[in-house]
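To start, the structure under review is shown below, and the notes come after it.
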Amino acid sequence: MEENLPQKADQELAEKKQELAEKKDDKPKRFVEKGRDVVFDNKTRLYWLKKDSWQDKGKFVNWHEAVEFAERKNNRKTGGFDDWRLPNIDEATSLFDENFEVPGKGGTSLHFDPIFPEGAFKTGWIAGDTSTRRPRFDYSEGKVVSAEEYSFGSVRACRKDLVVRHQSAPRRK
């Protein structure tokens, strides 16, 4: 029986080291799931659809269909919201993080937080108008590219968190 004591002590020590390693990462997470369909970014205060349109519908969309995709999410009040839209350049860029590698459609490496599911398309339409060419963000290369508006792609819609200021009591006259 005494022969098992060192082995048990080693196991307990290993378990304590594991607990300490887990506690070390106690800082608040940047991205947090808010229900089945939505991820919240604590840094930018943006809500993002967890899946891009490719993952959601299983088909590519052109720029006009990307706008319609966001409108359909509004009509359905996805995540409880009705103000989904295409992200602007800064918002789309804010998701890019070279520290992460998530497998995308076709095995492409995408660079955003793994809270977003695997299998997204590498480019996402973003808001903007330059005649018949529209901007997209490439999550594999980390850059904005311009494409013909009827090219195939995907979109990950977003919405801005409402700023709630402390309400004061109404003034008496």
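The values are calculated or read from the model by the stated rules, or taken from the named source; none is laboratory data. Treat the numbers as computed from the prediction; the structure is a model and nothing was measured. Every residue, glycine among them, receives a Cβ derived from its backbone with ideal geometry; neighbour counts consider all protein chains shown.
Side notes on the structure shown:
- Among (1) in a strand (DSSP E or B); (2) among the aliphatic types (A, V, I, L, M); (3) touching a helix residue (DSSP H, G or I) at 6+ places or on another chain (Cβ under 9 Å); (4) under 12 Å from Ile89 (Cα atoms), the one test that Val145 misses: (3)
- Wholly enclosed helices (runs of 4 or more DSSP H) of the stretch 1-106 bearing at least 3 residues at pLDDT 95 or above: 53-57, 63-75, 89-95
- Only a single item in (1) over 12 Å from the mean Cα position of the chain (by Cα); (2) crowded, with 18+ Cβ neighbours inside 10 Å; (3) not basic (Lys, Arg) is not met by Ile89, and it is number (2).
- Some residue of the stretch 131-139 being outside any strand (DSSP E or B), over 15 Å from Tyr47 (Cα atoms) and modelled with pLDDT of 95 or more: yes
- The conditions of being at pLDDT 95 or above, among the hydroxyl-bearing types (Ser, Thr, Tyr) and out of contact with any Phe, Trp or Tyr (no Cβ under 7 Å at 6 or more places or on another chain) are met by Ser109.
- Filter pass, Pro117 being closer than 14 Å to Arg159 by Cα and either over 14 Å from the mean Cα position of the chain (by Cα) or not in a strand (DSSP E or B) (or both): no
- Residue in the stretch 54-69 that is surrounded by the most Cβ atoms within 10 Å (Cβ to Cβ), counting only those that are over 15 Å from the mean Cα position of the chain (by Cα) and within 23 Å of Asp161 (Cα to Cα): Ala66
- Scanning the stretch 106-151 for residues that are over 14 Å from Trp54 (Cα atoms), among the basic types (Lys, Arg) and free of Cβ contacts under 8 Å to residues at least 60 places away in the same chain turns up Arg133, Arg136, Lys143.
- Single condition Val155 does not satisfy, out of (1) modelled with pLDDT of 95 or more; (2) exposed (fewer than 10 other Cβ atoms within 10 Å of the Cβ): (2)
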